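The values are calculated or read from the model by the stated rules, or taken from the named source; none is laboratory data. Nothing here was measured: the structure is a model prediction, and the numbers come from that model. Cβ placement follows ideal geometry from the backbone for every residue including glycine, while neighbour counts extend to all protein chains displayed. Side chains are part of the model used for accessible areas, which takes the heavy atoms of the whole protein and leaves out ligands, DNA and RNA. Shrake-Rupley method; radii C 1.70, N 1.55, O 1.52, S 1.80 Å.
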Amino acid sequence: MNAADLVIPLIAALIVLTGLIKKVNVFDEFIEGAKENLQTSVSLLPSLIALVTAIGLFKASGLPEVIAAAMSPLTNALGFPSECIPLALIRPISGSGALAVFDGILRDCHPDSYAGRVASVLMGSTETTFYTIAVYFAAVKAKDTRHTLPSALAGDITGFIVSAISVRLLFGIC
Amino acid sequence: MMNKIFSIIIVISIAYGIYSGNFSQLSDSLLNDPSSAVELVIFLTGSMCLWGGLMRIAEKAGITCYMAMLFRPAAKLLFKGLDLNGKAFRYICMNVTANILGLGNAATPLGIEAMKELEKVHISEGGDPLRASDNMVTFTVLNTASLTIIPSTCAAIRAKYGSASPMEIFPAVIITALSALTAALLASQILKRFSKQTGDDK
């Protein structure tokens with residue numbers, strides 16, 4: 001029993017109730033929305049096959065241990081779990097790549113372990129920075145994005161650090 | 001960019017795996033990982049469709065309009081000198097509310113429209129069309145931060161691997177997302193002084 005587990009049922013009930021009050025065709029609209037996301041999830045499959053395999057190879061090669069060891073002075077200082085380094089590295093670059101890495105971390109470490117929780121918080125609280133900048137600036141003539149990238153990366157780095165701190169504060173290291 | 005990253009990961013991993021003698025693991029990974037990707041997508045499809053359906057009801061019930069009203073005061077602070085009755089501002093509000101509801105598919109086209117409108121404002125004010133305006137930067141930075149309030153995909157994968165409470169991370173996600181957002185927006189407010197919109201530092 002955890003109060004946070006109330007969030008999802010309450011939001012679902014609130015949405016359906018508001019829909020009923022506003023006389024929305026709740027069921028028909030649900031089906032339409034579900035259909036849209038079904039197409040998204042199917043279109044996700046080819047890139048996920050490529051990325052899950054690439055990341056599986058990366059893990060099988062033994063390289064993550066080498067990288068984690070090399071970065072350990074920095075990550076130990078921040079209290080950032082070494083299992084989450086690949087996620088932090090790919091998160092700003094590729095959404096499906098991050099999903100593949102995240103799935104792998106939760107498979108190897110339990111979702112309720114320290115690394116599993118930090119990975120979950122990181123996954124839920126950050127976005128694909130480079131992709132967003134590329135898509136938004138492709139729509140306009142401006143080629144000089146000025147301080148966009150440094151500002152966005154300042155946010156990402158803050159997210160990495162705070163994800164570890166907030167998990168430690170709320171759950172402790174276990 | 002993904003072409004390079006994908007090739008580099010594959011080539012380096014296979015090269016290092018062979019060098020360190022982990023080739024049976026490499027072989028296992030190539031044989032099994034493609035199907036675990038399919039399992040992941042099948043698993044996620046259910047949760048994605050459920051939230052797509054619920055959020056569509058929310059949109060039709062006008063919850064988006066209420067949220068846009070809540071966002072107005074914050075937007076006034078962030079986008080200096082922007083006409084609050086203009087098209088650009090309307091698109092910005094719609095994009096932000098779509099992001100908050102986790103409607104990524106709806107948010108991106110609205111965001112692109114907002115960028116085009118911000119560009120028109122920038123050019124009509126005599127700005128250099130090849131340099132982004134302060135408001136264009138602020139808007140893009142806002143979109144590189146996560147505004148989604150329900151981490152549904154993340155919670156679904158936690159449930160898949162047997163978490164006792166998939167949503168227990170919710171408070172930590174909100175704290176982290178808000179800190180990252182604040183840091184990114186603060187950085188953009190500070191850094192804009194060092195890279196002038198008018199292009200006089202070229």
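When the stretch A:121-138 is filtered for residues that are more than 7 Å from chain B (Cβ to nearest Cβ) and in a loop (DSSP other than H, G, I, E, B), only A:128 remains. Screening the stretch B:1-106 for helices (runs of 4 or more DSSP H) wholly inside it with 1 or more residues that are facing chain A (nearest Cβ under 9 Å) and of a type outside the set (S, T, N, Q) returns the ranges B:2-19, B:23-60, B:63-78. Here residue B:186 clears all of (1) modelled with pLDDT of 95 or more; (2) open to solvent by less than 30 Å² (accessible area, probe 1.4 Å); (3) of a type outside the set (S, T, N, Q) except the condition numbered (2). Selection of the stretch A:156-174 for residues being open to solvent by less than 10 Å² (accessible area, probe 1.4 Å), more than 14 Å from the chain's Cα centre (by Cα) and of a type outside the set (A, V, I, L, M, F, W, C) yields only A:166. Among the residues here, residue B:191 does not qualify as facing chain A (nearest Cβ under 8 Å), in contact with a strand residue (DSSP E or B) (Cβ under 8 Å, 6 or more places away or on another chain), closer than 25 Å to residue A:154 by Cβ and open to solvent by 50 Å² or more (accessible area, probe 1.4 Å). For the stretch A:24-43, check the following and say yes or no: at least one residue is in contact with a Leu (Cβ under 6 Å, 6 or more places away or on another chain), modelled with pLDDT of 85 or more, of a type in the set (A, V, I, L, M) and surrounded by 15 or more Cβ atoms within 10 Å (Cβ to Cβ). Checked the stretch A:24-43: no residue is in contact with a Leu (Cβ under 6 Å, 6 or more places away or on another chain), modelled with pLDDT of 85 or more, of a type in the set (A, V, I, L, M) and surrounded by 15 or more Cβ atoms within 10 Å (Cβ to Cβ). A count restricted to the stretch B:76-104 and to residues that are open to solvent by 70 Å² or more (accessible area, probe 1.4 Å), in contact (Cβ under 8 Å) with a residue 12 or more places away in the chain and closer than 28 Å to residue A:125 by Cα stands at 2. With respect to residue B:178, determine if the residue is within 18 Å of the chain's Cα centre (by Cα), part of a helix (DSSP H, G or I) and more than 8 Å from chain A (Cβ to nearest Cβ). Yes, satisfied.
Residue A:49 passes every criterion in (1) within 19 Å of the chain's Cα centre (by Cα); (2) open to solvent by less than 30 Å² (accessible area, probe 1.4 Å); (3) β-branched (Val, Ile, Thr) apart from (2). Selection of the stretch A:139-174 for residues being farther than 25 Å from residue A:100 by Cβ, among the aliphatic types (A, V, I, L, M) and outside any loop (DSSP other than H, G, I, E, B) yields A:154, A:165, A:169, A:170. Considering the stretch B:132-160, the residues that are open to solvent by 20 Å² or more (accessible area, probe 1.4 Å) and assigned to a helix (DSSP H, G or I) include one that is farthest from the other protein chains (Cβ to nearest Cβ), namely B:135.
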